[in-house]
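First comes the structure, then the notes that go with it.
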Amino acid sequence: MFESLVDAAAIQVFESQIHPALPLVSTFEDENAIVQKAVDKRKREFILGRQLARTALKELGVAPGAILSAKDRTPRWPSGVIGSISHCNSWCAAAVGLAQDVDFLGIDIEEYSARTMSDSMIQSVCVSDELEWLSRLPAHDYHRGAMAVFSAKEAWYKAMYPITGQFLGFHGAQIKFVEFQADFAVWTGRLLESWQPFLRGAEFSCGKSRFSAEYVASAFIKYT
Ligand SMILES: CC(C)(COP(=O)(O)OP(=O)(O)OC[C@H]1O[C@@H](n2cnc3c(N)ncnc32)[C@H](O)[C@@H]1OP(=O)(O)O)[C@@H](O)C(=O)NCCC(=O)NCCS
């Protein structure tokens, strides 16, 4: 899902289906400790995310090691690495790049069958211009459009949170689709409120999404 969303010269991305038979334990005890009390589903997605991230890091020449989580849940990447992990019910992906090539990087995967967006959820995710854009889509594209806005905002949040260190609600940002095709989209993000060090009104033209029958995958990446 993510291969076409990243520049392969700068970013390594690995992804995989989450099979129920996948291991529930990591070879790194410190990682097991993080999900010790979690249900199996959570253990499986967490461990797979770490394995995919290590495979990607190896391609960058970074030696394998435990990837722990900070208190705010952000992965603790090795020094000089920028990365992002995403999982939904049945798919998991990890993307990494070197800080010399990438300023920020966030990925997100959503699964249609796992998340039907109700009207109230759409209202809580979308600002008025996005609702207006959704209303102009053909009826059969309405839900895909709403999922695309949601996924875009999650990818954007995960890209920038490591820089800002502050929460930003869904109404703090606006997504504008420059292209919205059957299988891909290109979008920009505009801040509707300041998210220090980024100021209200700042625009970022670095969003892309890909659509399959089952998934929406989004990436928000700024290359140096
Ligand atoms: C942080 C958040 C985006 C993660 O979403 P999620 O539904 O758990 O989705 P995903 O599975 O795609 O991502 C989880 C992974 O993201 C990473 N992550 C978690 N919090 C993060 C953060 N604050 N910043 C960056 N990455 C984060 C972790 O690697 C996590 O997986 P892991 O715990 O197995 O390591 C979501 O929980 C959230 O808080 N959203 C509200 C804020 C928002 O999206 N605002 C939009 C404004 S633009």
Set the Förster radius R0 to 30 Å, insert the Cβ-Cβ distance between Gln196 and Met121 as r into 1/(1 + (r/R0)^6), and round the FRET efficiency to 0.05.
-> 0.60
Residues of segment 155-199 with amide N under 14 Å of the 7 Å Cα→Cβ point at Thr74 | 156-168, 196-198
Translational diffusion coefficient, Stokes-Einstein: compute it for the chain using the Kirkwood radius over C-alpha pairs as Rh, at 25 °C and 0.890 mPa s, and state it as an integer in µm² s⁻¹.
-> 137 µm²/s
Would you mind giving the average projected area, over all directions, of the Cα convex hull of segment 103-142 in nm² with one decimal?
-> 4.2 nm²
Cα-based Rg then Dmax for segment 51-143, in Å, read 17.6, 49
Dipole of the chain, positive end: most advanced residue of Ser26, Ala139, Ala95 [Cβ charges, Cα centre] | Ser26
Taking springs between alpha-carbon atoms closer than 10 angstrom, which of Ala148, Ala139, Ala93 fluctuates most in the Gaussian network model of the chain?
-> Ala139
In a shell of Cβ-Cβ distance under 15 Å around Phe14, excluding Phe14 itself, what net charge do Lys and Arg (+1) and Asp and Glu (-1) give?
-> -1
What distance in nm separates the simple spin-label points at Ser135 and Ile163, each placed 7 Å from Cα in the Cβ direction?
-> 3.3 nm
What is the dipole size for segment 46-110, taken about its Cα centre, with +1 at each Lys and Arg Cβ and -1 at each Asp and Glu Cβ, in debye to the nearest 20?
-> 360 debye
Classify segment 119-170 as rounded, prolate or oblate from the Cα gyration tensor: take a ≥ b ≥ c as the square roots of its eigenvalues, call it rounded if a/c is under 1.5, otherwise prolate when a/b beats b/c and oblate if not.
-> prolate
Over 18 Å, how big is the tail of the calculated P(r) for segment 3-107, in percent of all Cα pairs?
-> 44 percent
Given Ser209, Phe198, Trp156, which one lies farthest toward the positive end of the charge dipole of segment 108-223, if we put +1 on the Cβ of every Lys and Arg and -1 on the Cβ of every Asp and Glu?
-> Phe198
Principal axis lengths of segment 13-73 from Cα atoms, whole Å, largest first?
-> 33, 27, 21
Sequence of Arg44, Arg136 once ranked by neighbouring C-beta atoms within 10 Å, starting from the fewest = Arg136, Arg44
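We did not get these values from a lab; they are worked out from the coordinates using the rules stated. Since this is a predicted model, take the numbers as computed values, not measurements. Neighbour counts are summed over all protein chains in view; Cβ atoms, including those assigned to glycine, are modelled from backbone coordinates with ideal geometry.
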